[in-house]
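The values are calculated or read from the model by the stated rules, or taken from the named source; none is laboratory data. Owing to the predicted nature of the structure, the values given are computational and were not obtained by experimental measurement. We place every Cβ from the backbone using ideal geometry, glycine too, and count neighbours over all the protein chains shown. Accessible surface areas use protein heavy atoms only, side chains included; no ligands, DNA or RNA. Shrake-Rupley method; radii C 1.70, N 1.55, O 1.52, S 1.80 Å.
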Amino acid sequence: MLYNAYSSNPAMKPPPFKYIAAESVEHALEQMAEYGDAAKLLAGGQSLIPAMNFRVLQPSVLIDLNPIGDLEYIRRSDDGALVVGAMTRQRDLERSSHVERITPLLFEAMPHIAHPQIRTRGTLGGSLAHADPAAELPVIAITSGAAMKATGPSGDRWIEAKDFFQGMFSTALEPEEILVEVTFPARKPHTGWSFEETSRRRGDYGMMGVAVEVELDEGGSVKEARLVYMNAGDGPIEAEKAAALLRGQRPTQEVFAAAAAEAADNEIDPMGSVHASIDFQRHLARVLTARVLAKAYARAQSS
Amino acid sequence: METHAISLTVNGQTYNGDVEPRMLLSDYLRHELGLTGTRVGCEHGVCGACTVLFDGQPVRSCLMLAIQTDGHELSTVEGLASSTDDLHPLQEAFWDAHGLQCGFCTPGFLMTLVPFLAENPQPTEREIREAISGNLCRCTGYQNIVEAVRLAAERMRE
Ligand SMILES: Cc1cc2nc3c(=O)[nH]c(=O)nc-3n(C[C@H](O)[C@H](O)[C@H](O)COP(=O)(O)OP(=O)(O)OC[C@H]3O[C@@H](n4cnc5c(N)ncnc54)[C@H](O)[C@@H]3O)c2cc1C
Ligand code: FES
Ligand code: FES
């Protein structure tokens, strides 16, 4: 029984578009080749549909990747890496024991991404392809040295996370390519990790956030360090000078504070917002960096 | 105007319809199926008023297209109780603890909390607050909502 009082004038937010339910990756590629720039891929829709509801984006063709079941998987490879299909839901990553064991940094960051009702739809690939500078997943991908597999008309290619993100909402993906898989390498021994962010409310985009991985040498000094910031510039920002200050050092509060100051004062380039001034964002970066370094160091010692 | 035939189940009942691809699920439920319990607040994913269950999982119905529900199962607030004498324990607890004032946000809270309590029957206050972080309420100040969830959890464990 239908209630049709409104259907003569139904509420419609996005402008009209042609809808194509992709049957396979090959089918999606064919459709992309046919419609070119007019087409957009639809993953979880948690960034794309709001933009369409606002009519900020008006694609004339939507190619829905959701019907392709085989892009949703979380596996451990033979060499111990985490291998994730691009359409894997954020909610499934959050609950995966593979993720918890192989990439605890990713596991730690997952609950900060939006709200449960958004993570049930939002995908790993969608967040990475969207490349929001305030998003957690690009930061985690760079920190953990992930690699993205793109497939296009001329076959597959792998892109390192550090080369994948190319500024505000842009990536190394070609318009006719689909991101299909992401691998996160197995963690090395004597390596510690930590992610922290400050948001006004759990699930809101963070005002500042930082992920870190620290590897210690036999003697307990820092062998390798990587610090990556979110909402700190026009993309994920890697603080290389701060990492250089840590390398070769025995970890102390002073060393952590110096690295935190270098990153917060000189390397990040936050933009400020109504919720957080640039000064406050730098302050958060300083505090959070000292915190994640201490935590990562303690974890590296006990791993 | 391009339309597509869809067939979906809502609260156990099958519906067949023709939809334009741009029809949002929230609008389909409200305006085509007349299931107006699902509310529409912000229409960009922030307020949670439109939360429904899609194959058992809570989702924003304003961020899905009706066409994407073809062949799937939905639950909306209308499915929680057959009458006012037969309320779901969560609804009962919202009533008893004054977990609502105007009630606009309530269906979204309920559809968020039903799967939450099924997975976590004994939540801490912090877990409850995190579970509802994606739902806005302009009236209650949340205090009584948290209390209602605690009360419902306690009663449902008995
Ligand atoms: C209220 C709210 C709060 C949020 N808070 C946060 C937050 O705190 N942190 C955060 O990181 N995110 C947040 N998000 C965004 C959310 O995480 C999205 O899920 C994510 O940004 C996009 O993923 P998606 O799967 O929904 O992609 P979609 O929205 O479907 O797609 C996003 C873009 O990526 C493209 N795309 C998608 N998949 C592919 C692919 N496989 N290959 C190539 N291109 C592709 C699409 O064409 C589109 O341009 C929030 C969203 C909402 C609505
Ligand atoms: S109406 Fe869907 S989240 Fe606000
Ligand atoms: S009771 Fe009025 S918005 Fe929540």
### Message
Just to confirm my filter: which helices (runs of 4 or more DSSP H) fall fully inside the range A:85-163 and include at least 2 residues that are within 19 Å of B:D55 (Cβ to Cβ) and within 14 Å of chain B (Cβ to nearest Cβ)?
### Response
A:90-94, A:116-119
### Message
Restricting to the range A:210-228, name every residue that is assigned to a strand (DSSP E or B) and either at pLDDT below 95 or of a type outside the set (G, A, S) (or both).
### Response
A:V210, A:V212, A:E213, A:V214, A:E215, A:L216, A:V222, A:K223, A:E224, A:R226, A:L227, A:V228
#### Entry: Subset of the range B:6-21 (residues that are within 15 Å of B:D70 (Cβ to Cβ) and either touching a residue at least 40 places away in the same chain (Cβ under 8 Å) or at the interface with chain A (Cβ under 9 Å from one of its Cβ atoms) (or both))
B:I6, B:S7, B:L8, B:T9, B:V10, B:Y15, B:G17, B:V19, B:E20, B:P21
### Task
Output the number of residues of the range B:141-155 satisfying the condition of being within 16 Å of ligand 3 (Cβ to nearest atom) and under 18 Å from the mean Cα position of the chain (by Cα).
5
### Task
Check whether at least one residue in the range B:105-119 is within 11 Å of another protein chain (Cβ to nearest Cβ) and farther than 28 Å from A:I49 by Cα, and report yes or no.
yes
### Among the candidates B:G41, B:G48, B:G99, residue that is away from chain A (no Cβ under 11 Å) and within 16 Å of ligand 1 (Cβ to nearest atom)
B:G41
### Summary
Counted residues in the range B:97-142 being without any contact (Cβ under 8 Å) to a residue 40 or more places away in the chain, out of contact with any Phe, Trp or Tyr (no Cβ under 8 Å at 6 or more places or on another chain), polar (S, T, N, Q) and within 16 Å of ligand 2 (Cβ to nearest atom) come to 1
#### Entry: Single unsatisfied condition, A:L82 versus (1) closer than 25 Å to A:M168 by Cα; (2) crowded, with 23+ Cβ neighbours inside 10 Å
(1)
### Message
Please count how many residues of the range A:161-175 are open to solvent by 80 Å² or more (accessible area, probe 1.4 Å) and of a type outside the set (F, W, Y).
### Response
5
### Query
Given the conditions (1) surrounded by fewer than 16 Cβ atoms within 10 Å (Cβ to Cβ); (2) of a type in the set (F, W, Y); (3) in a loop (DSSP other than H, G, I, E, B), which single one is not true for A:Y205?
(1)
### Query
Restricting the range A:21-50 to residues that are open to solvent by 20 Å² or more (accessible area, probe 1.4 Å) and within 10 Å of chain B (Cβ to nearest Cβ), which is nearest to A:D132 (Cα to Cα)?
A:S47
### Task
Return only the number of the condition from (1) within 25 Å of B:H31 (Cβ to Cβ); (2) within 11 Å of another protein chain (Cβ to nearest Cβ) that B:E73 does not satisfy.
(2)
### Query
If you check B:G48 against the conditions, is it open to solvent by less than 10 Å² (accessible area, probe 1.4 Å) and in the same structural domain as B:L151 (by TED's automatic domain parsing)?
no
### Message
Against the definition (part of a loop (DSSP other than H, G, I, E, B) and in contact (Cβ under 8 Å) with a residue 40 or more places away in the chain), how does A:G36 come out, yes or no?
### Response
no
## Note on the structure
Of the listed residues (B:A5, B:A81), the one being open to solvent by 30 Å² or more (accessible area, probe 1.4 Å) and either among the aliphatic types (A, V, I, L, M) or within 23 Å of B:I128 (Cα to Cα) (or both) is B:A5
### Task
Identify the single condition in (1) more than 14 Å from ligand 3 (Cβ to nearest atom); (2) assigned to a helix (DSSP H, G or I); (3) away from chain A (no Cβ under 14 Å); (4) in contact (Cβ under 8 Å) with a residue 24 or more places away in the chain that B:F94 does not satisfy, given that it satisfies every other one.
(1)
